[in-house]
Amino acid sequence: KDENIIEGETFEKNEVDVSGIDIFARVLPHQKLLIVEAWQKKGEVVAMTGDGVNDAPALMRADIGIALGSGTEVAKEASDLILLDNNFSTIIAAIEEGRTIIDNVRKVVTFLLATGFTEVILIGGALFMGLPMPILPAHILWINLVGEGFFNFAFAFEEKEKDALTRKPTRGVLFTNEMKTLIIIVGLVSDIFLLAIFAWLLRAGLPMDTIRTIMFAGLAADSFFFVFSIRSMRRPIWKIDFFSNPYLLFAVSASALLLLPAVLFPPLQQLIHTVPLALGQWGIVLALGVVDLFFIEAVKYYFIARKRTD
């Protein structure tokens, strides 16, 4: 429509709502700067492309300045990105890839902080209640280095989210509300359940080595469920393709297989102070992970449902 097209001179001389304009034609370099500032006043994240010396002010003022590979050195120095192939479609691909990278970084950070927070609160809560140490330092080292160490690398190969290009940018914010809530909820809920099980096992009179082995295996198994759930913050776990990240499947399988000898292999039992568990005790371990998964998905559902109503 003609009313959605405006020339740079007309825009400069008149107060025009940029949100109603699709095309700015015959725009001079200094008018590019005015367009950038007009969009930024409306709270938008603005990207500007240019190749000349006179484009430098607009490129610097924009949230993301993009210089063409064939442009001047001044334009390249003023930009955040240089489009080497001069192909604008590359910008879209780069944005999608960048958002995928930050999504995966957030998943790793959420996983590490949530599991670490769980361990801290578990030990601190037990000491505050006057109970014995529920897990030992060797257990924590095994969980963090052997059990969960593979997961951090596997997240780098997680596929992009379907809404990577349609959702609003987060302006460089690493910690989202979803992340903060998950870290707190996972830590608190897991620890309440773990401490309750710990106290119940103590009252049942089980040997302390057995109780600590159950706590150790429970924390390890809990991370298996958690890692699959946070593969997406925007979809429930049953809508995530289970086989889309073979590296994560390998990481979880390797971690699970290493957990068994840590509990059943005598030399490792002596090294990290574990004992064999009965079948019913393995059921307690499984229950810890299932309960935690339920609360993780409940938190995700809350944010997913709220975004649908926004």
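The values are calculated or read from the model by the stated rules, or taken from the named source; none is laboratory data. All values reported here derive from a predicted model rather than from experimental measurement. Note that we place each Cβ from the backbone using ideal geometry, even for glycine, and neighbour counts take in every protein chain shown. Note: areas computed on protein heavy atoms with side chains; ligands, DNA, RNA excluded. Shrake-Rupley method; radii C 1.70, N 1.55, O 1.52, S 1.80 Å.
What length, rounded to one decimal in nm, is gained on full extension from D163 through to I91, with 0.36 nm per residue of separation minus their alpha-carbon distance?
Values: separation 72, 0.36 × 72 = 25.92 nm, distance 1.67 nm.
Computed gain between D163 and I91 is 24.2 nm.
Using helices alone, what [θ] at 222 nm do you get for the chain, with -39,500 (n - 2.57) per DSSP H run of 4 or more residues, divided over all residues and rounded to the nearest 500? If you can, show how the numbers build up before the last one.
Numbers: 12 runs with 189 residues, N = 310.
When only DSSP H runs of four or more count, the value is -20000 deg cm²/dmol.
Label zone (I192, point 7 Å along Cα-to-C-beta; backbone nitrogen cut-off 18 Å) within segment 202-237: none.
Taking 0.36 nm per residue of separation and subtracting the Cα-Cα distance, what length does fully extending Y247 through A25 add? Show your work: numbers first, answer last.
Numbers: separation 222, 0.36 × 222 = 79.92 nm, distance 4.86 nm.
This chain segment gains 75.1 nm when fully extended.
Once neighbouring chains are kept in place and the probe is 1.4 Å, which whole percent of the accessible area of segment 1-144 is contributed by carbon and sulfur? Provide the component values of the computation, followed by the final result.
On the way: 4840 of 8020 Å².
Answer for segment 1-144 is 60 percent, counting heavy atoms of protein chains only.
Annotation: lysines with alpha-carbon distance below 21 angstrom to K41 (same-chain offsets under eight excluded): K13, K32, K168. Taking all protein chains into account, the per residue accessible area for segment 1-141 stands at 56 Å² (1.4 Å probe).
Would you mind getting the accessible area per residue of segment 206-310, heavy atoms of the protein chains only, 1.4 Å probe, in Å²? Write down the numbers at each step before the final one.
Working: 5180 Å² over 105 residues.
Here the per-residue accessible area is 49 Å².
Here the chain is treated as a Stokes sphere of Kirkwood radius computed over C-alpha pairs; at 25 °C and 0.890 mPa s its diffusion coefficient rounds to 107 µm²/s. Surface composition of segment 157-310: carbon and sulfur make up 70 percent of the accessible area, probe 1.4 Å. For the residues D209, D163, D85, a GNM of the chain with alpha-carbon springs under 10 Å puts the largest fluctuation on D85. Only Cα pairs under 8 Å and 6+ residues apart enter the sum, and on that basis the relative contact order of segment 173-303 stands at 44 percent. Computed on protein heavy atoms with a 1.4 Å probe, the accessible areas place W142, W282, W200, W238 in the order W238, W200, W282, W142, largest first.
Explain nothing, just the number: relative contact order of the chain, from Cα pairs under 8 Å at least 6 residues apart, as a whole percent.
On the way: 371 pairs, mean separation 47.0, N = 310.
Answer for the chain is 15 percent.
A Förster radius of 30 Å combined with the Cβ-Cβ distance from R235 to V173 puts the calculated FRET efficiency at roughly 0.90.
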